[in-house]
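The values are calculated or read from the model by the stated rules, or taken from the named source; none is laboratory data. Remember, it's a predicted structure, so these values are computed and weren't measured experimentally. Every residue, glycine among them, receives a Cβ derived from its backbone with ideal geometry; neighbour counts consider all protein chains shown.
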Amino acid sequence: MIVLHAPAHRLHHPTVEYYNGRAEPHAEQPGRIDNILDACRRLDLQIRIVEQPLSRRQLLTLHGRHYLRFLQQTCRGIPVDEQLMPSVFVHDTYTPLTAGTLHAARLSAGLAVAAAELVVAGEQRVVYALCRPPGHHAEADAMMGYCYFNNAALAAQQLASDGRRVAILDLDYHHGNGTQHLFYERSDVLYVSIHADPTDAFPYGSGYRDERGAGEGLGYTRNFPLTRPGNVEAYLRTLRRAIRTVQNFRPDYLVLSLGFDTYQGDPIGNLGLDVADYAAVGYAVANNLAYPTVIVQEGGYNVMALGALAESFLSGYQERNTTT
Ligand code: SP5
Ligand code: ZN
């Protein structure tokens, strides 16, 4: 496994998010990636710096041109060290813009697509893209949930060329509404997600069990909302079910949307997972879904714990199953 990193992610540095009008410190901070990177170094993983902003042409394969123009025109006018809360092309009050946001978001998407290209070329079997800002809430024409461009979806789109079948397994605490919607009517990209029950968790409007795709895509979206968060046994049982769903699809490639906000100590999420549980999750994914894989970083907001969580996940992921 190699790791792709774009140090300039820190050009995106939101300060506050608004909960019903009240400002709170923004949870999605540059330090998140520093700590995950330290974990990768401790594990001696090869880290490759890629600072290639995703091209306009590639962004437009999934995102709208008016949305892109809005980001270009708006970011250009923001003074350094200020943030702007957009009023349009946005679905919440959590997703501000800073002067460097567009550039950082294009670098983040660039990492995911570069990872996909390495995997398609057969150069690497598994690539971990340290994407920041995250992506799975970003819709075709809207930023949302700290996300601007849908990194995982753009990686999947790249992998799906030439008629290849791509499965996306989304293990972030939150439902990946953007990823689901971008492939909702397609049968070549399967979207499978385990997340907190959206009845009482962000993004509220999607991620329910009865959302299964539409048209050609009917049956190619599968949601596993967890109604009893905190029960690790139930989580791992659900993970096995989600893994079987991916196996039955027989994908050529896997995109793993990986969030560490399922950690019991996360300030936003919490599905009850402790540090050691991430090794079990990594082991289960690596040994049951041994397809050429792009791992895309999504959420995870306990900045101090992120290194230990990533280290646990990656060590479990790299542990070989010696019985088969
Ligand atoms: C990529 C990702 O994980 N995005 C998550 C965005 C969710 N942000 C909203 C969380 C709402 C939690 N409510 C906290 C109330 C604080 N007083
Ligand atoms: Zn999340």
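Say whether the condition of being within 17 Å of residue 63 (Cα to Cα) and among the hydroxyl-bearing types (Ser, Thr, Tyr) is met by at least one residue in the range 126-141. Among the residues of the range 126-141, not one is within 17 Å of residue 63 (Cα to Cα) and among the hydroxyl-bearing types (Ser, Thr, Tyr), which makes the answer no. Residue count for the range 185-219 satisfying the condition of being in a strand (DSSP E or B), closer than 22 Å to residue 166 by Cα and within 16 Å of ligand 1 (Cβ to nearest atom): 4.
Residue pairs whose Cβ atoms lie under 6 Å apart, separated by 6 or more positions or on different chains, with the first residue in the range 261-272 and more than 9 Å from ligand 2 (Cβ to nearest atom) and at pLDDT 95 or above and the second part of a loop (DSSP other than H, G, I, E, B) and of a type in the set (D, E, K, R), are 264/274.
Residues of the range 79-96 that are surrounded by fewer than 18 Cβ atoms within 10 Å (Cβ to Cβ) and either of a type in the set (A, V, I, L, M, F, W, C) or in a helix (DSSP H, G or I) (or both): 80, 84, 85, 88.
If I filter the range 271-286 for residues that are surrounded by 21 or more Cβ atoms within 10 Å (Cβ to Cβ) and among the acidic types (Asp, Glu), do I get at least one hit? Within the range 271-286, one or more residues are surrounded by 21 or more Cβ atoms within 10 Å (Cβ to Cβ) and among the acidic types (Asp, Glu).
Counting only helices (runs of 4 or more DSSP H) that sit completely within the range 11-78, those holding 1 or more residues that are hydroxyl-bearing (Ser, Thr, Tyr) correspond to 65-76. Only one of the listed residues (34, 38, 92) is at pLDDT 95 or above and within 16 Å of ligand 2 (Cβ to nearest atom). That residue is 92. Screening the candidates 114, 99, 140, 121 for the property of being among the hydrophobic types (A, V, I, L, M, F, W, C), without any contact (Cβ under 8 Å) to a residue 12 or more places away in the chain, surrounded by fewer than 24 Cβ atoms within 10 Å (Cβ to Cβ) and more than 16 Å from ligand 2 (Cβ to nearest atom) yields one hit, 121.
Of all the residues in the range 220-248, those that are without any contact (Cβ under 8 Å) to a residue 24 or more places away in the chain and outside any helix (DSSP H, G or I) number 1.
Report yes if some residue within the range 254-270 is of a type in the set (Gly, Ala, Ser), outside any loop (DSSP other than H, G, I, E, B) and in contact with a strand residue (DSSP E or B) (Cβ under 9 Å, 6 or more places away or on another chain); otherwise report no. So far as the range 254-270 goes, yes, one or more of its residues are of a type in the set (Gly, Ala, Ser), outside any loop (DSSP other than H, G, I, E, B) and in contact with a strand residue (DSSP E or B) (Cβ under 9 Å, 6 or more places away or on another chain).
Of all residues in the range 145-160, none satisfies being assigned to a loop (DSSP other than H, G, I, E, B), surrounded by fewer than 24 Cβ atoms within 10 Å (Cβ to Cβ) and out of contact with any Asp or Glu (no Cβ under 6 Å at 6 or more places or on another chain).
In the range 25-40, the residue that is nearest to ligand 1 (Cβ to nearest atom) out of those that are over 18 Å from residue 86 (Cβ atoms) and of a type in the set (D, E, K, R) is 32. A single entry from 261, 277, 252, 266 fulfils the requirement of being of a type in the set (D, E, K, R), closer than 26 Å to residue 154 by Cβ and more than 12 Å from ligand 1 (Cβ to nearest atom): 252.
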